[in-house]
1. Would you call A:SER208 over 30 Å from B:GLU147 (Cα atoms), without any contact (Cβ under 8 Å) to a residue 24 or more places away in the chain and within 14 Å of chain B (Cβ to nearest Cβ)?
2. Condition first: farther than 27 Å from A:ASP11 by Cβ and facing another protein chain (nearest Cβ under 7 Å). Now tell me which residues in the stretch B:110-122 satisfy that.
3. Of all residues in the stretch B:18-45, which are hydrophobic (A, V, I, L, M, F, W, C), within 14 Å of another protein chain (Cβ to nearest Cβ) and surrounded by fewer than 18 Cβ atoms within 10 Å (Cβ to Cβ)?
4. Looking at the stretch B:161-184, which of its residues are under 23 Å from the mean Cα position of the chain (by Cα) and part of a loop (DSSP other than H, G, I, E, B)?
5. Can we say B:ASP66 is away from chain A (no Cβ under 13 Å), part of a loop (DSSP other than H, G, I, E, B), under 19 Å from B:VAL53 (Cα atoms) and not aliphatic (A, V, I, L, M)?
6. Among the residues of the stretch A:89-109, which ones are out of contact with any strand residue (DSSP E or B) (no Cβ under 6 Å at 6 or more places or on another chain) and either aromatic (Phe, Trp, Tyr) or within 9 Å of chain B (Cβ to nearest Cβ) (or both)?
7. What's the total number of residues in the stretch A:264-318 that are in a loop (DSSP other than H, G, I, E, B) and either of a type outside the set (Asp, Glu) or crowded, with 16+ Cβ neighbours inside 10 Å (or both)?
8. Answer yes if at least one residue in the stretch B:185-204 is at pLDDT below 95 and part of a loop (DSSP other than H, G, I, E, B), and no otherwise.
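The values are calculated or read from the model by the stated rules, or taken from the named source; none is laboratory data. Note that the coordinates shown come from a computational prediction; the quantities given were computed from them, not determined experimentally. Positions of Cβ are backbone-derived with ideal geometry, glycine not excepted, and every protein chain shown enters the neighbour counts.
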Number of protein chains: 2
Amino acid sequence: MLYLVGLGLHDEKDVTVRGMEAIKGSERVYLEAYTSILGVGKERLEAFYGKEVVVADRDMVEMDSDEILRDADKVDVAFLVVGDPFGATTHSDLLLRADALSIPYTVIHNASVMNAVGALGLALYNYGQTVSIPFFTDSWRPDSWLERVRENLRLGLHTLCLLDIKVKEQSEENLARGRKIFEPPRYMSVPCAISQLLSLLEDESSSSSSKSSAPTATDAPSSSTATATAPVPEAAALDPSTTLAISASRVGAPSQRFVAGTLAELSQLDEDAFGGPLHSFVIVGRRFHALERDFAVRWAVDKQRWNEVSNGVYGVRD
Amino acid sequence: MLYLVGLGLHDEKDVTVRGMEAIKGSERVYLEAYTSILGVGKERLEAFYGKEVVVADRDMVEMDSDEILRDADKVDVAFLVVGDPFGATTHSDLLLRADALSIPYTVIHNASVMNAVGALGLALYNYGQTVSIPFFTDSWRPDSWLERVRENLRLGLHTLCLLDIKVKEQSEENLARGRKIFEPPRYMSVPCAISQLLSLLEDESSSSSSKSSAPTATDAPSSSTATATAPVPEAAALDPSTTLAISASRVGAPSQRFVAGTLAELSQLDEDAFGGPLHSFVIVGRRFHALERDFAVRWAVDKQRWNEVSNGVYGVRD
């Protein structure tokens, strides 16, 4: 049996009892460690589970999955994934490969940031699609995620923004020369993500100032049937001084920290305000209620401003 | 300390090791049992945790939260929630009340259907807002969720549909007479939910046939900037013979069952095809990829039809 075991959010004790039993009964244990990280190293896992843990990098999972699956029709093998096995990354290709080899599998679910972000108090029902914000480089500034944020905002929905992590990456030069030398891991911070967002908005604003009107001001509503929660086109303009956001760092860890404010406020904070990785943040949509406002005000950079924007711009009513 | 502990999806072993420790160390343990259910009763939990478990109904949580919070500044109290504490329902009101009483709290996350639905192999990134489908009555057929499904479909996004459960409900007559007599629990099945959906579509179709054109055919695209994953207005028409869906029953339980097909196909299946509660299903959006198609075809009612609709209607390319 192949067990896909979610490890949850922070440390060795976030595994479920069911997951722990599967790990202890397995002959080989692999840890997928390129899409997310725990707050502790594999040594802590090994000590707690009483098992050797093999770190499986992207190459191994994608190119050498038959080694992971070896004999799994006869013995138990555990494949550990930070969060839930189907969280931010789908490991369905590994399961299809197992199927092709007639190896049965069991998925043992756990919390991932995709549902634990509910701890911010914004109803998960009112989230739209999740986006990933990639690191910009000098020559590459991918922006397709921004249109997806806007699709959510036009419907009044919140957007969970997951931030890039670069683990075991090679520089372009080392890659070209076939040298297996890896860069130090990098984890995008909230200030970095918001500064990238603001720079895209500035690009748009400078390119549209030469036209007759800004594209965001002429967007059609997304639906011909207006409702109480109808799209609010101006919300998609993402004005930094009137767009609310809540950061969520190290969700589920004892050092978890939430910070609430306008995009402009969050962008002016030092990285220390958010602490170490992993960082994510949520852009608040107009379907925003008084209870959500009151829950998040406790983490607000400026409580008065938070309530002013909530009530005056988002139209929250008690 | 107040611990909000997610119990996960199915039985007593789905709690995390961290959650288990919090429960064992608590002086009082409450189980919230009106928004979802485990696959096992509270006796199994009590035997496994070695603790008495008090079932907290809606009245107790909403009206008598001070009893739950009593002395929680001096002793540990655990409040158990099926799934994640912030899954389908937000318990932020309880936490705000704890805050007001200067009681510290810790949230211990777990899997909920909101992230475990990833097991269907559809990327969680491509889900829009989640909807809840309520039971229709003779006089009340709420349909606001249908417009939200359409908002998702216009963007090409998948929709997780959670189905109503009625636990400890009073009949109107008993409520009016103040009699604390409760109806047997009811759990909406996939066939019931889809028949409600189809009946709403039929209503629309019969009311629009007298007009010059159907409203769904004249919907404006949701965005003026067309992209590769641009909204497909006709997708929002929800034609039962060309709209794909995947049901997910008892997610995370050993008896978990997935069934894939068109809405028309799923509506013709017997309830036995899905087994006992809890049921949910996903309406597939047009951002649908070959790997997702190939993952789900294994559960298809009619594999050939699944692939025909995926390729011919959804435009999936290898």
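1. Numbers: over 30 Å from B:GLU147 (Cα atoms): yes; without any contact (Cβ under 8 Å) to a residue 24 or more places away in the chain: yes; within 14 Å of chain B (Cβ to nearest Cβ): yes.
Yes, satisfied.
2. Just the residues of the stretch B:110-122 that are farther than 27 Å from A:ASP11 by Cβ, to begin with: B:120-122.
Residue satisfying the conditions is B:GLY121 alone.
3. We begin by selecting, within the stretch B:18-45, every residue hydrophobic (A, V, I, L, M, F, W, C); these are B:20, B:22-23, B:29, B:31, B:33, B:37-38, B:40, B:45.
Going one step further and asking which of them are within 14 Å of another protein chain (Cβ to nearest Cβ), we end up with B:20, B:22-23, B:38, B:40, B:45.
Listed by number, the list holds a single entry, B:VAL40.
4. The first filter runs over the stretch B:161-184 and keeps only residues under 23 Å from the mean Cα position of the chain (by Cα), leaving B:161-170, B:183-184.
Matches in the stretch B:161-184: B:ASP164, B:VAL167, B:LYS168, B:GLU169, B:GLN170, B:GLU183, B:PRO184.
5. Numbers: away from chain A (no Cβ under 13 Å): yes; part of a loop (DSSP other than H, G, I, E, B): no; under 19 Å from B:VAL53 (Cα atoms): yes; not aliphatic (A, V, I, L, M): yes.
So B:ASP66 does not fit the description; no.
6. Taking the stretch A:89-109 as the starting set, the residues that turn out to be out of contact with any strand residue (DSSP E or B) (no Cβ under 6 Å at 6 or more places or on another chain) are A:89-94, A:96-97, A:99-102, A:104.
The answer is A:THR89, A:THR90, A:SER92, A:ASP93, A:LEU96, A:ASP99.
7. Keep residues of the stretch A:264-318 that are in a loop (DSSP other than H, G, I, E, B), which gives A:268-270, A:274-278, A:284-289, A:301-302, A:314-318.
From the residues that got through so far, the ones that are either of a type outside the set (Asp, Glu) or crowded, with 16+ Cβ neighbours inside 10 Å (or both) too are A:268-269, A:274-278, A:284-289, A:301, A:314-317.
So the answer is 18.
8. Yes, there is a match, as at least one residue in the stretch B:185-204 is at pLDDT below 95 and part of a loop (DSSP other than H, G, I, E, B).
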